[in-house]
Amino acid sequence: MAKQSPQPDQSGQPNSSGPFGGKGISWIYFLIIGFLLFEISYSFFKSKPKDISLSQFRQEILANHDVEKIVVVNKETAEVFIKKNKLGQGNYTEFKSSQPGPHYVVSIGSLEKFESMIDATQEGESEHIEVRYEKRTDWMSNIFAWLLPFLLIIGLWFFIMNRMRPGGMGGGNNPFDFGKSSAQAFKKQTGSVTFEDIAGLEEVKVEVREVVDFLKDSEKYTKLGAKIPKGVLLVGPPGTGKTLLAKAVAGEAGVPFFSMSGSEFVEMFVGVGASRVRDLFKKAKQSAPSIIFIDEIDAIGRSRGRAASFQTNDERENTLNQLLTEMDGFGANAGVIVLAATNRGEILDRALLRPGRFDRQIYLELPTLGERKAIFRVHIKPLKLGKDIDLDTLSAQTPGFSGADIANICNEAALIAARQGKKTVTMKNFFDATDRVIAGLEKKSKIISDSEKKIVAYHEAGHATVSWFLPNADRLLKVSIVPRGKSLGAAWYLPQEQMLYTKAQFQDRLCAALGGRASEDVVFGEITSGALDDLEKVTKQAYMMVAYYGLNEKIGNISFYDSTGRSEQSLLKPYSDATAQKIDDEVSKLVEASYKRTKSLLIKHRTELDALAARLLEKEVVLKKDLEKIFGQRPTIKEMEE
Ligand code: ATP
């Protein structure tokens with residue numbers, strides 16, 4: 001996804017206040033650092049007494065009667081003061097005569113022995129050495145011994161908080177801000193996304209443009225008594241341009257735009273999400289008129305339900321409740337509009353969707369043929385194109401592709417051209433890019449045995465033959481047995497763009513999907529594991545026909561589809577065991593009937609099947625014109641039905 005986001009504005013940073021807020025905390029740091037510096041420098045510059053051994057003290061100092069005073073500290077050490085008149089001469093030249101003591105420090109071992117040593121020296125002497133006893137506490141080391149574990153714990157806590165902040169490591173933010181939203185405020189600036197960058201989506205653009213208009217000139221609407229909508233929800237499949245639209249609003253509106261993803265609200269700590277929601281709305285209100293954009297809102301907006309209480313989602317519910325409260329909390333014309341985007345509108349809580357919160361819901365669909373062409377036009381603009389580029393063919397060959405897929409194809413085509421050392425991007429590069437996006441990277445180096453290759457060739461030829469001769473199957477474009485991504489071969493179709501499917505169309509699609517397995521069965525009399533993807537597709541489609549679309553006579557016009565998405569979380573089925581059994585039986589019957597039909601079709605067209613398989617083994621890729629050589633012109637639906 002192309003990142004075109006403008007740079008964050010300073011106003012988007014969380015405000016720090018209070019005793020722990022960014023600036024408030026600095027004087028405490030200064031005080032602690034100042035105190036430590038003073039202590040360190042004091043003890044560094046203070047002249048230190050010289051360490052000597054007990055025997056040295058006895059023989060060189062005590063015996064010479066040079067001691068004026070002794071201070072015994074904590075019964076462990078003795079600080080020795082030399083007589084002033086002896087300093088600066090003899091053994092004491094290193095001391096100045098004015099230097100106050102202690103001059104030496106001695107480790108005394110046992111106090112009794114030390115005392116008796118002093119007494120013995122003083123026997124018969126008139127002059128007595130002054131001996132004092134002191135108890136001292138080393139505050140610094142005591143404080144450190146006490147504080148260190150606390151400091152370590154606090155440091156660790158800061159580190160964890162910092163890691164858990166949305167936006168990850170550090171970032172220079174105050175760790176106490178983890179309850180605040182990390183929403184960034186964007187402002188209009190050059191280079192930002194505008195509505196011009198969004199192709200197609202004309203109706204959607206009109207709606208969203210109105211939001212920009214409300215904010216720019218709200219008086220125009222309020223004058224007539226109209227209430228400005230509070231929320232606009234963008235719902236649509238991935239890559240259809242929801243985020244792009246929101247960015248364009250930011251680019252066009254010229255008002256502060258606070259952007260945050262739904263998942264950023266949720267942390268493992270209880271209450272953090274709710275506090276972030278509060279903070280986000282507070283910030284937005286302070287800078288009203290403004291826009292809040294919540295991407296992937298389903299991360300917090302999922303419907304609250306009974307079944308969901310099995311999960312540990314209380315925190316998410318709290319967050320959602322706070323969001324609901326905040327959206328109620330500001331007046332209709334407060335100047336804050338909430339934009340939100342989701343892929344799964346159906347699972348959102350109904351309270352969120354009611355008018356007064358998200359008044360407007362805009363559905364974005366996958367682009368139509370015309371829209372795809374327009375999106376191609378936007379994304380080929382920066383490319384150096386060859387003369388053969390035909391946007392009509394490109395857009396026709398990409399049904400079901402989202403805007404993001406198309407952007408990806410354009411970029412991929414340019415990369416392929418660059419890799420091949422070409423000066424321009426050609427149509428062939430675009431085709432290769434499309435194949436790559438659909439089926440993954442070509443893996444020509446993958447080693448496949450001849451027998452496996454033969455099975456793959458017949459498997460793909462089976463798909464192709466069946467879909468060629470079935471009236472409702474998609475049009476075939478090409479067949480390949482070059483391994484790509486995880487698959488060993490593939491058949492490329494051009495699906496029709498349609499919204500409604502008949503039962504017959506579904507049945508033909510089932511047969512086309514079963515064509516690979518049926519071909520293996522018909523040709524080799526043995527089936528392989530290669531049909532996994534096909535069978536998955538077939539099973540899903542068959543269950544949908546029977547249980548969702550009401551296309552089965554035995555089950556009747558009943559649908560167990562749950563548009564709220566709650567049944568996904570529920571352990572209970574919305575039907576009885578007997579119905580479950582009936583559904584299973586009907587699905588099995590449907591698939592088996594389709595399989596039989598597929599097999600008989602392949603037996604009927606065995607010559608074509610063999611010819612295509614042989615061609616595939618020879619050329620690896622067979623294009624539409626070669627397919628026509630083998631199968632003849634594809635019969636029209638009418639001809640096939642006759
Ligand atoms: P998701 O739901 O996965 O977040 P989304 O709907 O938010 O997807 P975007 O991020 O808006 O999708 O789109 C992805 C990219 O697809 C865009 O950056 C853009 O390049 C391209 N794109 C999608 N729709 C359009 C469009 N209508 N016109 C031009 N480019 C588009």
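The values are calculated or read from the model by the stated rules, or taken from the named source; none is laboratory data. In this text, all values refer to a predicted model and were calculated from it rather than measured experimentally. Neighbour counts are summed over all protein chains in view; Cβ atoms, including those assigned to glycine, are modelled from backbone coordinates with ideal geometry. All accessible areas refer to the heavy atoms of the entire protein, side chains included, with ligands and DNA or RNA removed. Shrake-Rupley method; radii C 1.70, N 1.55, O 1.52, S 1.80 Å.
Here are the numbers for this structure:
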{"quantity": "Violating pairs (Cα-Cα greater than 21 angstrom) within the set K75/K113; K48/K135; K387/K625", "calculated": "K387/K625"}
{"quantity": "Share antiparallel - DSSP beta bridges, region 47-136, percent rounded to 5", "calculated": "55"}
{"quantity": "Cα principal axis extents for region 369-438, largest first, Å", "calculated": "31, 22, 17"}
{"quantity": "Residue pairs, from the table K503/K604; K205/K227; K443/K573; K453/K599; K422/K540; K443/K596, whose Cα atoms sit over 32 Å apart", "calculated": "K443/K573; K422/K540; K443/K596"}
{"quantity": "Point-to-point label distance, N557-E123, nm (Cα→Cβ direction, 7 Å offset)", "calculated": "12.7"}
{"quantity": "Partner aspartates and glutamates for K582 [C-alpha distance under 19 Å; skip if fewer than 8 residues away on the same chain]", "calculated": "E553, E592"}
{"quantity": "Qualifying aspartates and glutamates (Cα of each under 16 Å from Cα of K423; at least 8 residues distant if same chain)", "calculated": "D388, E412"}
{"quantity": "Globularity ratio of region 47-136, using Cα Rg and 2.2 N^0.38 Å", "calculated": "1.01"}
{"quantity": "Per residue solvent-accessible surface (Å²) - region 47-136, probe of 1.4 Å", "calculated": "62"}
{"quantity": "Net +/- balance of residues flanking A396 in space, Cβ distance below 14 Å, scoring K and R +1, D and E -1", "calculated": "-1"}
{"quantity": "Simple label model, 7 Å out from Cα along Cβ direction - E210 to S116, nm", "calculated": "10.6"}
{"quantity": "Aspartates and glutamates whose Cα lies under 18 Å from that of K446, excluding same-chain neighbours fewer than 8 positions away", "calculated": "D435, E460, E618, E620"}
